[in-house]
Amino acid sequence: MDIEASAKLELVDKFCYLGDMLSVDGDANAAVEARIRIGWNKFRQLVPLLTNKDVSGRPKRTWTEVVEKDCQACKLNKEDAMDCSKWGKLIKDVR
């Protein structure tokens with residue numbers, strides 16, 4: 001991008017660059033406020049889902065049940081499941 005010498009640039013106190021707020025004084029307050037505002041906006045978008053009585057917020061299975069199911073799918077016993085490298089490699093192929 002080439003800016004001519006006669007181009008007039010606007011001087012601003014803060015601006016958004018790649019999703020981050022930058023300010024003239026190098027203060028992080030603008031960035032923090034922007035991130036908080038974005039977080040609240042995303043939360044507000046989810047409020048209808050979070051307050052819906054028909055949606056369950058907790059899965060019905062426990063972690064133990066998930067591991068046991070994965071072990072059955074890979075034909076592993078529980079001792080083999082403790083070997084993370086073996087279990088991780090096999091479960092990736094099954095899923």
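The values are calculated or read from the model by the stated rules, or taken from the named source; none is laboratory data. Predicted model only: the values in this text are computed from it and were never measured. Methodologically, a virtual Cβ is constructed for each residue, glycine included, from the backbone with ideal geometry; neighbour enumeration extends over all protein chains shown.
A few notes on this one:
- Residues that are surrounded by 12 or more Cβ atoms within 10 Å (Cβ to Cβ) and part of a loop (DSSP other than H, G, I, E, B), drawn from segment 15-50: Asp27, Ala28
- Selection status of Glu33, acidic (Asp, Glu) and either touching a Ser or Thr at 6+ places or on another chain (Cβ under 7 Å) or at pLDDT 85 or above (or both): no
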